[in-house]
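The values are calculated or read from the model by the stated rules, or taken from the named source; none is laboratory data. Since the structure is predicted, the reported quantities are computational estimates derived from the model, not experimental observations. Cβ: placed from backbone, ideal geometry, glycine included. Neighbour counts: every protein chain shown. SASA here: full protein model, heavy atoms, side chains in, ligands and nucleic acids out. Shrake-Rupley method; radii C 1.70, N 1.55, O 1.52, S 1.80 Å.
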Amino acid sequence: MTALGDLIEIDNGTVLVLGQELDVEHDQPDVANALVHRVGDTLVLVDTGVTATFRAALREAADRVGHWSRALVLTTHGHLDHVGNNDLADELGVPVEHYVPALDLDQMRDPASYWVRSFDRIAGLAPLPASPALAGQVVSLFQPMRPFGATTRTYEERPLERIRIGSLRFTGWTFANGAVRVLRSQGHCAGHVIVHLRECGVLHLSDEGNGPCGAMADADQLKIQTVLGAVALLFEEGEAALLTDGHTFAVRRGTEVASYLDGLLEQATALQAAALGLTGESRQVRPGAFTTRYAEAIAELGVGGANPNRMFTAMMAVNQLRELGLRPESGGVNAPWSRPAFQNPAPIPPRPGSAARDRGSHDAPLEAEGRDR
């Protein structure tokens with residue numbers, strides 16, 4: 001068992017600060033794990049979580065890693081559980097750089113609208129009312145919420161770099177003379193990045209490994225699976241030694257990492273096969289019934305993931321239907337989903353006079369050629 005703010009010392013200069021799971025019914029926000037690392041004279045914070053308790057733990061970890069005279073704060077993505085204490089950067093008393101993904105700025109400025117969009121997609125499918133009122137209730141759990149500080153900039157304000165690690169090529173940004181690498185992944189949500197700390201061998205996956213199917217409205221299943229495969233290869237090649245992430249409260253080492261990531265990919269394919277079996281040859285699927293059976297398939301397959309609850313399962317189910325090529329037939333609550341019919345578009349009739357114009361366009365080069373001669 002772990003508690004909010006517990007510290008796992010990875011080495012003398014690196015500490016993982018542990019968060020907690022989401023429990024909406026008991027007014028408990030989820031808090032993402034954060035990494036505190038020192039490279040040379042630079043303190044590196046990878047995410048800042050949320051709550052005053054977690055803020056105090058970050059300060060304790062920063063003191064533990066040794067002396068530093070400058071700081072670098074890196075936000076992996078804009079979700080509430082990762083950004084609430086970002087203004088801590090203003091209180092460190094040293095020169096600081098703080099970077100966030102540009103694609104996540106809108107949700108960081110207006111998190112309620114982001115969650116309204118997420119909950120509207122599962123209206124009638126989750127045990128809690130998927131409504132703007134619930135979005136406000138969820139957002140209100142994450143306090144204090146200060147995602148920006150005086151030094152906040154977007155990664156995209158820096159020139160994009162090509163980053164080679166072993167046999168793999170990434171794009172992203174490097175810091176501290178290449179000792180800190182921020183790699184674009186963009187699977188869990190639109191702006192997501194992962195972080196490689198070269199000196200200690202830590203690869204921080206953040207939320208890209210939150211189960212086999214992304215739940216968020218802006219999740220990209222292909223990118224999630226691609227980054228899991230790429231990270232597994234980094235460990236197989238010895239380019240990374242330790243895996244941390246946003247929510248599993250553990251440090252995975254060496255050869256177990258590739259097996260763990262392969263397991264997530266196997267779950268992804270198994271879950272999609274199960275979903276395909278649930279839709280079968282049916283012309284229409286009611287998302288409410290599909291979600292219930294999809295949850296049963298998750299239990300039967302033993303599929304895990306961060307913050308397991310029926311609300312996120314419903315969000316995953318909707319994404320899975322879309323991944324299979326189904327689309328809602330209307331905007332009604334629990335409206336049926338179906339595959340679009342295969343129908344060739346009607347031919348476009350020529351506009352009046354277009355044939356003459358076409359002949360003229362073919363003749364023009366010949367006339368020009370004749371004039372040149």
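Gln284 fulfils the conditions (1) touching a helix residue (DSSP H, G or I) at 6+ places or on another chain (Cβ under 9 Å); (2) open to solvent by 60 Å² or more (accessible area, probe 1.4 Å); (3) in contact (Cβ under 8 Å) with a residue 24 or more places away in the chain except for a single criterion, (1).
Check whether at least one residue in the stretch 234-255 is open to solvent by less than 10 Å² (accessible area, probe 1.4 Å), touching a Pro at 6+ places or on another chain (Cβ under 9 Å) and either in a strand (DSSP E or B) or in contact (Cβ under 8 Å) with a residue 24 or more places away in the chain (or both), and report yes or no. No: the stretch 234-255 contains no residue that is open to solvent by less than 10 Å² (accessible area, probe 1.4 Å), touching a Pro at 6+ places or on another chain (Cβ under 9 Å) and either in a strand (DSSP E or B) or in contact (Cβ under 8 Å) with a residue 24 or more places away in the chain (or both).
Going through the stretch 2-52 one residue at a time, which ones are on the phi > 0 side of the Ramachandran plot and either open to solvent by 50 Å² or more (accessible area, probe 1.4 Å) or of a type outside the set (S, T, N, Q) (or both)?
Gly5, Asp27, Gly40, Asp47, Gly49
Conditions tested, residue by residue: (1) buried (at least 24 other Cβ atoms within 10 Å of the Cβ); (2) among the small types (Gly, Ala, Ser); (3) part of a loop (DSSP other than H, G, I, E, B).
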site	(1), (2), (3)
Arg55	no, no, no
Ala62	no, yes, no
Trp68	no, no, yes
His77	yes, no, yes
His82	yes, no, no
Gly93	no, yes, yes
Tyr99	no, no, no
Asp106	no, no, no
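Yes/no matrix, rows are residues, columns are (1) in a helix (DSSP H, G or I); (2) modelled with pLDDT of 90 or more; (3) surrounded by fewer than 18 Cβ atoms within 10 Å (Cβ to Cβ):
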{"residue": "Leu261", "(1), (2), (3)": "yes, yes, no"}
{"residue": "Leu264", "(1), (2), (3)": "yes, yes, no"}
{"residue": "Gln267", "(1), (2), (3)": "yes, yes, no"}
{"residue": "Leu278", "(1), (2), (3)": "yes, yes, no"}
{"residue": "Ala289", "(1), (2), (3)": "yes, yes, yes"}
{"residue": "Ala306", "(1), (2), (3)": "no, no, no"}
{"residue": "Met311", "(1), (2), (3)": "yes, no, no"}
{"residue": "Met315", "(1), (2), (3)": "yes, yes, no"}
{"residue": "Gly331", "(1), (2), (3)": "no, no, yes"}
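Of the residues making up the stretch 265-319, those that are among the aromatic types (Phe, Trp, Tyr) and more than 16 Å from Pro212 (Cα to Cα) number 1. For beta carbons closer than 8 Å, sequence separation of 6+ or different chains, a first residue in the stretch 116-141 that is on the phi > 0 side of the Ramachandran plot and assigned to a loop (DSSP other than H, G, I, E, B) and a second that is of a type in the set (Val, Ile, Thr) and at pLDDT below 85, the qualifying pairs are Gly124/Val333.
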